[in-house]
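We did not get these values from a lab; they are worked out from the coordinates using the rules stated. Keep in mind that this is a model prediction, so the values were computed, not measured. Heads up, the Cβs are rebuilt from the backbone with ideal geometry, glycines too, and the neighbour counts pull from every protein chain shown.
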Amino acid sequence: MSDSLAATIKRVKEKLTKEAVSSLLDEALLVSKLLGPKSEFGNISKEIATLSKDEKQQIGTLLNECKREVLQAIQKRTTKNTEKEEWFDVSTPGQRPPIGHLHIVTQAITDITRIFERIGFTRVRHPEIDTDWYAFESLNMPPDHPARDEWETFFIQSPITNNQSPTKRKIVLTPHTSNGQVREMEKGNLPIRMINIAKCYRRQSDISHVPMFHQFEGMYIDKNVSIGHLKGFIDYFVKQYFGPERKSRLRPFHFQFTEPSFEVDITCGICNGTSILPNGGDCKLCKGGWLELAGSGMIHPNVLKNGGVDPSKYSGFAIGWGVERTAMMKSGTKLDDIRLLYSNDLQFLEQF
Ligand code: DAH
């Protein structure tokens, strides 16, 4: 009798343990269902009452052990299942993924492109890795010319071997977008209204320089192009990009590839060109009310010749400036460190 009862208890235990694991009932209900007085174990308890004293003790101990095992199975399962079934409000709005935006420099490139498109200038692309010829020599800077020193150039050990002159073989990471000038002329389509925006590289990295930055090159070649056209081109851009109240001026300068050459300044947006702040203090962003924007000039006849354009028939202007600087000038931000632009710091970038 007691042997068969012991076997029944073990079988029931196996069965109830399985049920405990798979059941979705909450803990209290399951305990009463599997271990309560009306459960199979409850019925067995009643049978035990009819056994002899010795058997009662033996089978009673077994029953208690089995009940404990089933209880443990219930408790284990309940901790797991409550985690799974934790209640949540399905009508709560989800967390929106953060929405990104274009990098400030990309925004500036798009703005600049759109502004010049409106007066018939087309954005073109020229190589950012180019020969010394296009970056320097064709721009009236023969090998060893001291003017080259201004551009802290990365030269590449190039695998190109041909019979051309050394400067046509030597490869550089373009230190300015002016390499596009002669390349554009070589296309042979006159008149030319070009904007070339590209990455440039210089061996410089400090608070006001990054080794990779962007430049913008405007070039117009046609018959009878004069400094008046250049000034009109600059004024148009300055008012469109920075605002109608901003003024520009040309300051005589020297570049090998233009004659005459100028630096372009615009009035400061912080002090409105007065160099004095509304609170009476000195403006720290500009020099005497002016900010330096670009380099420019009338294209040197040698450069036109190098591009196959006859300087006795055609003339043109060219202008080049840094996109990062221009974007900063618009937002009126004086960055403590221009390298921040490319450090992928979201807290910084999200401001623009
Ligand atoms: N390429 C010059 C620079 O990187 C800027 C420049 C000056 C471009 C005069 C021009 C120009 O087209 O006419 O500093």
Give me a comma-separated list of calculated 3J(HN,Hα) values for segment 339-349, in order, Karplus coefficients 6.51, -1.76, 1.60 applied at θ = phi - 60°, integers in Hz, x for any Gly or Pro.
5, 3, 4, 10, 9, 6, 8, 4, 4, 6, 5
What distance in nm separates the two pseudo spin-label positions at Asp235 and Arg125, each 7 Å out from Cα along the beta-carbon direction?
3.6
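Fully extended, how many nm does the chain gain between Glu245 and His209 (0.36 nm per residue separation, minus their Cα-Cα distance)?
The span from Glu245 to His209 would gain 10.1 nm if fully extended.
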So how much slack lies between Lys305 and Ile156, counting 0.36 nm per residue of separation and subtracting their Cα-Cα distance, in nm?
50.9 nm
Run down the lysines and flag those whose C-alpha is under 26 Å from the C-alpha of Lys223, throwing out any fewer than 8 positions away in its chain.
Lys187, Lys231, Lys305, Lys313
Would you mind getting me the FRET efficiency between Ala49 and Lys18? Use the beta-carbon distance for r and R0 = 30 Å, nearest 0.05.
0.65
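Given 10 °C and 1.306 mPa s, how large is the Stokes-Einstein diffusion coefficient of the chain in µm²/s, with Rh as the Kirkwood radius over Cα pairs?
Taking Rh from Cα pairs, D becomes 59 µm²/s.
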Select from His145, Ser343, Cys268 the residue farthest towards the positive end of the dipole of the chain; place +1 on Cβ of Lys and Arg, -1 on Cβ of Asp and Glu, and compute about the Cα centre.
Ser343
Chain lengthening between Glu186 and Arg114 when straightened (0.36 nm per residue, less Cα-Cα)
23.4 nm
Can you work out the FRET efficiency for the pair Ser165 and Asp336, with r the C-beta to C-beta distance and R0 = 51 Å, to the nearest 0.05?
0.70
With just the Cα atoms of segment 2-80, tell me how far they stretch along each of the three principal axes, in Å, largest first.
41, 18, 15
FRET efficiency, 1/(1 + (r/R0)^6) with R0 22 Å, evaluated for Ser32 and Lys56 via beta carbons:
0.35
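Pairs Lys168/Lys330; Lys15/Lys53; Lys199/Lys330; Lys18/Lys46; Lys13/Lys53; Lys170/Lys287: which are spaced more than 32 Å apart, C-alpha to C-alpha?
Going by Cα-Cα distance, Lys168/Lys330; Lys170/Lys287 fall outside the 32 Å limit.
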What are the residues whose amide H is under 5 Å from the amide H of Ile197, where those residues sit 5 or more places off or on another chain and H is modelled from the backbone?
Val124, Glu217
